[in-house]
Amino acid sequence: MAALAAASIVAAPSQPAAASDAAAASDAAATAGPSVQVNGGDLVDVDTGRRLWSVHPYIARPMGSITKVMTALVVLKAGGLNREIRVTSDAVRYVRSTGASSAGLIAGDVLTVRQLLEAMLLPSGCDAAYILATAYGPGRPAFIRKMNAMARSMDLMSSHFASFDGMPFPTEYSTYSSPADLIRIGERAMRNSVFRGIVGQRRFYLPAGPRHHAYLWRTTDGLIGSYHGAIGVKTGNTIAAGYCLLFEARRKGHTLFGVVLHADPSSGGLASAVAAAEQVLNWGFRQV
């Protein structure tokens, strides 16, 4: 894993000179923060906009399924949450052939867009992301262009999307973002009540209906339900990205938004990113 961590730093896209200068200043200002082993990270006081802690906040890196936050933003901007979409055999085949995370969708079922967002954001279903991207492009290449157009409209200078779900296609480093950009993407998403309601849940049960099977989707975010004040948002994991978590928590009138990328895997799987986020949040709440 140490070799992978090194590779992710070497392969990360270069940053603009202005961003590099800002990164150096930010890192110098945040050296006294919590001691966590991550390749990238950021923590912001939402109420004041003040950066409390960071690790290379302007360096772009792969972030795995945190990509699906941007996927959700594109869908939510387009609207049509009650639109019904049929689960295709292509979507089911996609997750089976790639080993991507799945919501267990069954070909032939008809689900609403809102239900597909639940399936994409809670269990990180790449099958749901595939269906949404295909419907809202229309077609996945067109959808990815919309993701990058939104990134440009948000002035995200260190972000690029080559996939709709964060999977390493065409390469591990073709979809990337910086911690600072991910904070901005996450804050934009959490301002949407539908998104916020979905990612704040531990589970979502969809009873069987006339046109679909029953589904039970559980969040992959280990902070939800276990860390006091946690209200979202999304995990990510690929070989290049390592274990990642974009998170928001609120305590005693203060709201902190943060991200950790490529956490030390010694805690085991995504638990390593959760443990790092907990440590960062605990430290952060002592500063506000």
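The values are calculated or read from the model by the stated rules, or taken from the named source; none is laboratory data. The shown structure was predicted, so the numbers you read here are calculated from the model rather than taken from an experiment. Reconstructed Cβ throughout: ideal geometry from the backbone, glycine too, with neighbour counts over all protein chains shown. Quick note on the areas: whole protein, heavy atoms, side chains included, nothing else; ligands and nucleic acids left out. Shrake-Rupley method; radii C 1.70, N 1.55, O 1.52, S 1.80 Å.
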| query | If you scan segment 109-132, which residues turn out to be of a type in the set (S, T, N, Q) and open to solvent by 10 Å² or more (accessible area, probe 1.4 Å)? | reply | 112, 115
| request: Filter segment 86-128 for residues that are under 17 Å from residue 198 (Cβ atoms), aliphatic (A, V, I, L, M) and in contact with a strand residue (DSSP E or B) (Cβ under 7 Å, 6 or more places away or on another chain) and give the result. | output: 103, 111, 113, 116, 119, 121, 122
| Subset of segment 209-220 (residues that are free of Cβ contacts under 8 Å to residues at least 24 places away in the same chain and open to solvent by less than 70 Å² (accessible area, probe 1.4 Å)) | 209, 214
| query | Is it true that some residue in segment 178-193 is touching a Lys or Arg at 6+ places or on another chain (Cβ under 9 Å), of a type in the set (Gly, Ala, Ser) and over 17 Å from residue 76 (Cβ atoms)? | reply | yes
| query | Would it be correct to say that residue 198 is farther than 25 Å from residue 37 by Cβ, in contact (Cβ under 8 Å) with a residue 12 or more places away in the chain and in contact with a helix residue (DSSP H, G or I) (Cβ under 9 Å, 6 or more places away or on another chain)? | reply | yes
| request: Give me the pairs, please: first residue somewhere in segment 158-185 and within 18 Å of residue 42 (Cβ to Cβ) and among the hydrophobic types (A, V, I, L, M, F, W, C), second residue anywhere and outside any loop (DSSP other than H, G, I, E, B) and open to solvent by 10 Å² or more (accessible area, probe 1.4 Å), beta-carbon distance under 6 Å, and either six or more positions apart or on two chains. | output: 183/44
| request: Check off (1) within 14 Å of the chain's Cα centre (by Cα); (2) open to solvent by 10 Å² or more (accessible area, probe 1.4 Å) for residue 186 and give me the number that stays unchecked. | output: (2)
| said: Please count how many residues of segment 106-156 are assigned to a loop (DSSP other than H, G, I, E, B) and closer than 18 Å to residue 201 by Cβ. | reply: 4
| said: Could you tell me how many of the residues in segment 239-269 are surrounded by fewer than 20 Cβ atoms within 10 Å (Cβ to Cβ) and within 19 Å of residue 122 (Cβ to Cβ)? | reply: 1
| said: Condition first: crowded, with 16+ Cβ neighbours inside 10 Å and more than 15 Å from the chain's Cα centre (by Cα). Now tell me which residues in segment 137-147 satisfy that. | reply: 137, 140, 143, 144, 146
| query | Taking strands (runs of 3 or more DSSP E) that fall entirely within segment 36-102, which contain at least 3 residues that are crowded, with 19+ Cβ neighbours inside 10 Å? | reply | 38-45, 51-55
| said: Can you find, within segment 152-183, the residue that is farthest from residue 69 (Cα to Cα) among those that are surrounded by fewer than 23 Cβ atoms within 10 Å (Cβ to Cβ) and of a type in the set (Asp, Glu)? | reply: 172
